[in-house]
Amino acid sequence: MDILVPLLQLLVLLLTLPLHLMALLGCWQPLCKSYFPYLMAVLTSKSNRKMESKKRELFSQIKGLTGASGKVDLLELGCGTGANFQFYPPGCRVTCLDPNPHFEKFLTKSMAENRHLQYERFVVAPGEDMRELADGSMDVVVCTLVLCSVQSPRKVLQEVQRVLRPGGVLFFWEHVTEPHGSWAFMWQQVLEPTWKHIGDGCCLTRETWKDLENAQFSKIQMERHPPLFKWLPVGPHIMGKAVK
């Protein structure tokens with residue numbers, strides 16, 4: 001199987017050669033940034049229907065995390081289209097952060113549809129550098145399907161720790177690698193170099209639970225779920241919370 005992976009990677013590369021050439025020439029990334037919000041709008045709508053009950057159960061815990069202001073200051077990390085807004089309890093003051101400025105018009109629409117929330121601002125920045133947000137300024141950070149595509153999950157989680165107040169909570173839902181040695185894992189390895197371009201940096205084989213366990217949270221609760229879509233190479237998901 002180890003010999004098969006590079007051979008199949010080469011075959012996929014040849015089949016998708018125009019995409020890789022565009023990426024090499026710097027033409028693909030601007031195009032990807034433009035179309036990716038539309039792709040995510042479709043996929044998150046489908047995933048919300050499948051995960052609605054689990055998301056409601058997870059995010060219902062937010063209402064007990066009111067800070068000194070009497071409201072919940074919430075940071076949506078890698079906010080995308082705002083697909084999680086409908087699940088947040090009333091009274092949340094939501095700050096959105098994403099490196100892709102093309103998501104802003106989708107956020108504006110999502111906020112208009114979720115008047116129970118108070119929209120603070122949209123910060124265009126990567127998760128590894130949240131310098132615009134003060135230390136201990138957030139009661140809650142939400143991170144869904146984000147750590148797969150960041151440059152450094154470790155640095156992102158360090159920044160999450162910094163902006164959370166003591167006792168603040170990170171809520172997460174992330175896809176992770178298939179079991180090593182499985183055929184599904186082999187195909188993830190084969191497709192990952194091409195998938196990164198299609199999915200705006202998305203990595204299929206990350207062991208994100210290890211990053212969370214190593215991030216020095218005081219408590220972590222985590223459960224595992226099977227892949228949402230059998231027709232995508234995206235693997236199983238982990239969902240839960242981590243307390244600072």
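The values are calculated or read from the model by the stated rules, or taken from the named source; none is laboratory data. Predicted model, so just to flag it, every value in this text is computed and none were measured. Backbone-built Cβ (ideal geometry, glycine too); neighbour counts: all protein chains shown. Note: accessible area is taken over every heavy atom of the protein model, side chains too, but ligands, DNA and RNA are not part of it. Shrake-Rupley method; radii C 1.70, N 1.55, O 1.52, S 1.80 Å.
Residues that are at positive phi and of a type outside the set (A, V, I, L, M): does the range 12-33 have at least one? Full working, then the answer.
Residues of the range 12-33 that are at positive phi, as a first pass: 26.
Now drop any that are not of a type outside the set (A, V, I, L, M), which leaves 26.
Yes, the range 12-33 has at least one match.
Looking at the range 166-183, can you tell me whether even one residue there is among the aliphatic types (A, V, I, L, M), on the phi < 0 side of the Ramachandran plot and in a strand (DSSP E or B)? Please lay out each step first, then the result.
Quick first cut of the range 166-183, residues among the aliphatic types (A, V, I, L, M) only: 169-170, 176.
The next check asks that each one be on the phi < 0 side of the Ramachandran plot; those that pass are 169-170, 176.
Then drop every residue that is not in a strand (DSSP E or B), which leaves 169-170.
Within the range 166-183, one or more residues are among the aliphatic types (A, V, I, L, M), on the phi < 0 side of the Ramachandran plot and in a strand (DSSP E or B).
Looking at Lys54, Lys46, which one is open to solvent by 70 Å² or more (accessible area, probe 1.4 Å) and more than 18 Å from Gly201 (Cβ to Cβ)?
Values: Lys54 fails: open to solvent by 70 Å² or more (accessible area, probe 1.4 Å).
Unique residue meeting the criteria: Lys46.
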Which condition number in (1) closer than 20 Å to Phe36 by Cβ; (2) among the β-branched types (Val, Ile, Thr); (3) buried (at least 22 other Cβ atoms within 10 Å of the Cβ) is the one that Val160 fails? (1)
Name the pairs: first residue in the range 90-104 and farther than 15 Å from Ser69 by Cβ, second residue in a strand (DSSP E or B) and open to solvent by 10 Å² or more (accessible area, probe 1.4 Å), Cβ to Cβ under 6 Å, at least 6 apart or on different chains? Cys96/Phe122; Pro101/Val124; Glu104/Phe122
Specify the residue that is surrounded by the fewest Cβ atoms within 10 Å (Cβ to Cβ); the eligible residues are those in the range 64-78 that are in contact (Cβ under 8 Å) with a residue 12 or more places away in the chain and farther than 13 Å from Arg93 by Cβ. Gly78
Across the range 119-143, which residue is farthest from Leu31 (Cα to Cα) among those that are out of contact with any Pro (no Cβ under 8 Å at 6 or more places or on another chain) and surrounded by fewer than 16 Cβ atoms within 10 Å (Cβ to Cβ)? Asp135
Suppose we filter Thr205, Thr177 for residues that are surrounded by fewer than 21 Cβ atoms within 10 Å (Cβ to Cβ), modelled with pLDDT of 95 or more, closer than 28 Å to Leu10 by Cβ and within 16 Å of the chain's Cα centre (by Cα); which single one remains? Thr205
For the range 90-116, which positions are closer than 22 Å to Ser137 by Cα, open to solvent by 20 Å² or more (accessible area, probe 1.4 Å) and touching a strand residue (DSSP E or B) at 6+ places or on another chain (Cβ under 9 Å)? Gly91, Arg93, Pro99, His116
Looking at Ile238, Ile198 in this structure, which one is under 20 Å from Met40 (Cα atoms), open to solvent by 10 Å² or more (accessible area, probe 1.4 Å) and either touching a Leu at 6+ places or on another chain (Cβ under 8 Å) or not polar (S, T, N, Q) (or both)? Ile198
Looking at the range 1-9, is at least one residue in contact (Cβ under 8 Å) with a residue 24 or more places away in the chain, part of a loop (DSSP other than H, G, I, E, B) and either aromatic (Phe, Trp, Tyr) or surrounded by fewer than 16 Cβ atoms within 10 Å (Cβ to Cβ) (or both)? yes
Take the conditions buried (at least 16 other Cβ atoms within 10 Å of the Cβ) and assigned to a loop (DSSP other than H, G, I, E, B) and apply them to Val146. Does it pass? yes
Selection over the range 10-38 where residues are free of Cβ contacts under 8 Å to residues at least 24 places away in the same chain, assigned to a helix (DSSP H, G or I) and not aromatic (Phe, Trp, Tyr) yields a count of 12
Among the candidates Leu77, Leu97, Leu145, single out the residue that is within 12 Å of the chain's Cα centre (by Cα), on the phi > 0 side of the Ramachandran plot and of a type in the set (A, V, I, L, M, F, W, C). Leu145
